1. Considering only the stretch 277-300, I want to know if a residue exists there that is without any contact (Cβ under 8 Å) to a residue 24 or more places away in the chain, among the β-branched types (Val, Ile, Thr) and open to solvent by 20 Å² or more (accessible area, probe 1.4 Å).
2. Among the residues in the stretch 208-220, are any crowded, with 16+ Cβ neighbours inside 10 Å and closer than 15 Å to residue 100 by Cβ?
3. Is it true that residue 155 is within 17 Å of residue 27 (Cα to Cα), touching a residue at least 24 places away in the same chain (Cβ under 8 Å) and either exposed (fewer than 15 other Cβ atoms within 10 Å of the Cβ) or β-branched (Val, Ile, Thr) (or both)?
4. Do you know which residues across the stretch 244-262 are open to solvent by 30 Å² or more (accessible area, probe 1.4 Å), modelled with pLDDT under 90 and part of a strand (DSSP E or B)?
5. Which of the following residues is touching a helix residue (DSSP H, G or I) at 6+ places or on another chain (Cβ under 9 Å) and closer than 30 Å to residue 248 by Cα: 146, 155?
6. Can you name the residue in the stretch 387-405 that is hydrophobic (A, V, I, L, M, F, W, C) and modelled with pLDDT under 95 and is also least open to solvent (accessible area, probe 1.4 Å) among such residues?
7. Check 341, 360 and return the single one that is at pLDDT 95 or above, under 26 Å from residue 259 (Cβ atoms) and charged (D, E, K, R).
8. Filter the stretch 221-231 down to the residues that are of a type in the set (Asp, Glu) and buried (at least 19 other Cβ atoms within 10 Å of the Cβ) and list them by number.
Amino acid sequence: MTTGAAQPPRRRVARAAVLAAVFVCAACGLVYELALVALGSYLIGDSVGQASIVLGVMVFAMGVGALAAKPLQPWAAAAFAAIELSLALLGGLSVLGLYAAFAWLDLYGPALVGTAFLLGLLIGAEIPLLMVLLQRIRKQAAGSAVADLFAADYVGALLGGLAFPFLLLPVFGQLKGAIVVGAVNAVAGLVLVFTVFRGELTARSRVALGAGATVVALCLGYAWLTAHDFEVTARQQLYRDPVVHAERSRYQEIVLTRSVREVGHADTDLRLYLNGDLQFSSVDEYRYHEALVHPVLNGPRGEVLVLGAGDGLAVRELLRYPDVRRITVVDLDPAVVALARTEPQLRRLNGDAFDDPRVRVVNADAFGWLRGNRQRFDAVVADLPDPDETATAKLYTVEFYALIRAVLTEHGRLVVQAGSPYFAPRSYWSIEASVREAGFATVPYHVDVPSFGDWGFLLAAPGAEPPPLALPTDAPRLRFLNSATLAAAATFPVDRGRIVVPASTLLQPRVLEYARTEWRGY
């Protein structure tokens, strides 16, 4: 058998080519891992759980792959090229396939585990084969060869880790980003084998690899050309109503749907979804926002802080009070605010709230912004996404509410949207316990919002005396809320009364565990 070693004048170039292939393959492998984690976080919402599943399965499979590569070492060059083609096809189409499994088949969990295992198996087989190829160029002490190989591998992983969030996602998106990486993976493997190690390939293996490369190129090319149509079709499968706007911002997927109500209505129903979670329905959102905003304005209200609420609907209610001098809106995602400023029906719904000179928008993480803020507010409206993800769970902790308490004036009040006391009672009462532990006296209340069901809020004030649950004497005419309705809202039925559960903290985000288990199946 030919050794395939490069001639002495070319050995340095050949070794550099192998190490460059290690570098590129490591970058591609890490991108595949991150793509699976990111997709799971978008679709399922459990970023820690998704990362644990993907990384655990892939690392285990990499060990299996390294062992499985041992019998392939005599044909290292051809085996490596075949593995890179397989990786390019599986990795390049992994996001597309998993999205399809989620949208049409309801098999996302098994599909994720299977994909992660196969990717890990192939990635694990790369290093042993590359080590064999490196040694065929020039024999080297095992320790030195491992050091060279792993140095290129780890630096390549750094490149992949940085390229995924800062280049691939912003420029190509998830579907096309994975396809691009798959193509790079295939090219890197084929170029190395057909240049440096061409002498090791038999005529049959060259034909087989050429045919395989053609199939991979056709599959990835077709996927690239149809990626947009596929994403639109798959996304529509997830929503009841026609999708009229969809974008993936740096932080989340933003979807607007619009339809005509079927039950005796001609009203258009506009719905906003963030990462698949319903934020409002235009048919009944006034119930939610009236219950959220007006009780907290029963008192001083010159300076109001709104955390979240980038759709502008809570701000619309605040602007109905002429003595509200300034409203500071802190929302993480500028894309949501931009949509609320520009989408015609959403603008009509929020009354062009963000164009009012009293409104100031800050695009920042609410937790970090509160830590650096020195301004005081008469009222704080916490209209934040539900705590069913790691990123949002910190916004329902004792520490977060303590930061809010520090920015309130002497007679300031806080209102928190706290989820459903019916569907998620432990989550609701854990949030209430967290607010109390931060030094507030609380008044729990709940109302019926048909799109959400029974929905709960917490009105709170610093100290031992809870604020009165009442409408301001100068409240404008409301469509849903009146004094009698609000008084009744403080009464909870026997089967949904107070539950004694611990507060949630940064180090023990219990509300995250509660939210994940209670909302499962709804």
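1. no
2. So far as the stretch 208-220 goes, yes, one or more of its residues are crowded, with 16+ Cβ neighbours inside 10 Å and closer than 15 Å to residue 100 by Cβ.
3. For residue 155, the condition - within 17 Å of residue 27 (Cα to Cα), touching a residue at least 24 places away in the same chain (Cβ under 8 Å) and either exposed (fewer than 15 other Cβ atoms within 10 Å of the Cβ) or β-branched (Val, Ile, Thr) (or both) - is met.
4. 248, 260
5. Sole residue among the options that is touching a helix residue (DSSP H, G or I) at 6+ places or on another chain (Cβ under 9 Å) and closer than 30 Å to residue 248 by Cα: 155.
6. 393
7. 341
8. Once the filter is applied, which keeps residues that are of a type in the set (Asp, Glu) and buried (at least 19 other Cβ atoms within 10 Å of the Cβ), the stretch 221-231 yields only 231.
The values are calculated or read from the model by the stated rules, or taken from the named source; none is laboratory data. These numbers were taken from a predicted model, which means no experiment stands behind them. When we count neighbours, we look across all protein chains shown, and the Cβ atoms used for this are built from the backbone with ideal geometry, even at glycine. SASA here: full protein model, heavy atoms, side chains in, ligands and nucleic acids out. Shrake-Rupley method; radii C 1.70, N 1.55, O 1.52, S 1.80 Å.
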